[in-house]
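Undergrad: Structure provided below as structure tokens; questions to follow.
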Amino acid sequence: MYLVIVGGGKVGEPLASSLINAGHEVFILDHNQQTVTALQRELGMVAAVGEATSVRDLNDAGATRAEVIIATTDSDEDNLAACQLARNHFDIQRTIAVVHSPENAELFERSGIDMVISATSLILANLATAIPSHPLIRLMPIGDHLQELVAIKLPAGGLLIGRKLSEITLPYGTNIILIITSEGKSKKPDPDIRIEAEDEVIALSPTNSTAELWILLTELR
């Protein structure tokens, strides 16, 4: 699957990395040259300087053949505009956008964006499968539903609390792409990062391994 990600920051970069590791083809647009240079150093020549609202820049990023666009910039206006351009100008069939201001979420949905994701929790409420104390949230399917992006909240008394990521053996094919703390701050999943109570783990998981991942992350002491 070919995806265009607009915005290579705290959400876009780890998401792109995990999608590439899972075998998908990804191109990232970001308006900041330093961000693009860092992305190219880490991921290869899969990023370029460009504006989310530029038809030319989106075209250069391969929007004409993309199946999905994911808008993760810091600007709600740019995320909305990028998805509208993707749908109306390039006929991209699936549009996903991060929304930073809760009051804008309804506007995004009315505009026809397929998936609107809260920037603070990365949870789309109408896709939530509620498990009272430590929920599993299915954020979006990837490819032919063989993989999915999920969010799992770790319980305070969890067995993994305090462990480094490098000490945790994940199910085969699973990649953690972001960790959201209980204060709503994001942490890059470096090997030395320790899991804390009430962290929300955002992971790219084979669909048939999601249940195993949930059990691993939520097992109590």
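The values are calculated or read from the model by the stated rules, or taken from the named source; none is laboratory data. Only a predicted model underlies this, so the values are computations on that prediction, with no experimental measurement involved. Here Cβ is always computed from backbone atoms with ideal geometry, including for glycine, and neighbour counts include all displayed protein chains.
Undergrad: Could you tell me how many of the residues in the stretch 182-218 are part of a strand (DSSP E or B) and within 22 Å of Leu146 (Cα to Cα)?
TA: Counting residues in the stretch 182-218 that are part of a strand (DSSP E or B) and within 22 Å of Leu146 (Cα to Cα) gives 6.
Undergrad: Residue check, Asp114 against (1) charged (D, E, K, R); (2) at pLDDT 90 or above; (3) more than 15 Å from Val11 (Cβ to Cβ); (4) under 18 Å from the mean Cα position of the chain (by Cα), all met but one. Which one?
TA: Every listed condition holds for Asp114 apart from (2).
Undergrad: Okay, moving on. Only residues that are without any contact (Cβ under 8 Å) to a residue 40 or more places away in the chain and charged (D, E, K, R): list them for the stretch 137-168, please.
TA: If the condition is that a residue be without any contact (Cβ under 8 Å) to a residue 40 or more places away in the chain and charged (D, E, K, R), then Asp144, Arg163, Lys164, Glu167 are the ones that fit.
Undergrad: Of the numbered conditions (1) free of Cβ contacts under 8 Å to residues at least 40 places away in the same chain; (2) surrounded by fewer than 19 Cβ atoms within 10 Å (Cβ to Cβ), Glu67 fails exactly one; give the number of that condition.
TA: The number of the failed condition is (1).
Undergrad: Scan the stretch 36-47 and give yes if some residue there is crowded, with 20+ Cβ neighbours inside 10 Å and over 22 Å from Pro189 (Cα atoms), otherwise no.
TA: Taking every residue of the stretch 36-47 in turn, none turns out to be crowded, with 20+ Cβ neighbours inside 10 Å and over 22 Å from Pro189 (Cα atoms).
Undergrad: Are any residues in the stretch 160-193 surrounded by fewer than 16 Cβ atoms within 10 Å (Cβ to Cβ) and within 16 Å of Arg221 (Cβ to Cβ), and if so, which ones?
TA: Gly162, Arg163, Glu167, Ile168
Undergrad: From the set of residues in the stretch 75-106 that are hydroxyl-bearing (Ser, Thr, Tyr) and in a loop (DSSP other than H, G, I, E, B), which is surrounded by the fewest Cβ atoms within 10 Å (Cβ to Cβ)?
TA: Among those that are hydroxyl-bearing (Ser, Thr, Tyr) and in a loop (DSSP other than H, G, I, E, B), it is Ser101.
Undergrad: For the stretch 13-28, give me each residue that is in a helix (DSSP H, G or I) and either within 21 Å of Asp74 (Cα to Cα) or in the same structural domain as Pro171 (by TED's automatic domain parsing) (or both).
TA: Passing the criteria: Glu13, Pro14, Leu15, Ala16, Ser17, Ser18, Leu19.
Undergrad: Restricting attention to the stretch 52-66, and to residues there that are part of a loop (DSSP other than H, G, I, E, B) and farther than 22 Å from Ser118 by Cα, which single residue is nearest to the chain's Cα centre (by Cα)?
TA: Once the filter is applied, the top-ranked residue is Ala66.
Undergrad: For Glu198, work out the one condition from (1) surrounded by 16 or more Cβ atoms within 10 Å (Cβ to Cβ); (2) outside the structural domain of Val11 (by TED's automatic domain parsing); (3) at pLDDT 85 or above it doesn't fulfil.
TA: Going through (1) surrounded by 16 or more Cβ atoms within 10 Å (Cβ to Cβ); (2) outside the structural domain of Val11 (by TED's automatic domain parsing); (3) at pLDDT 85 or above one by one, Glu198 breaks only (1).
Undergrad: How many residues does the stretch 143-160 contain that are assigned to a strand (DSSP E or B) and over 11 Å from the mean Cα position of the chain (by Cα)?
TA: 4
Undergrad: Report the residue count in the stretch 6-45 for those that are at pLDDT below 85 and farther than 23 Å from Val201 by Cα.
TA: Within the stretch 6-45, residues that are at pLDDT below 85 and farther than 23 Å from Val201 by Cα number 0.
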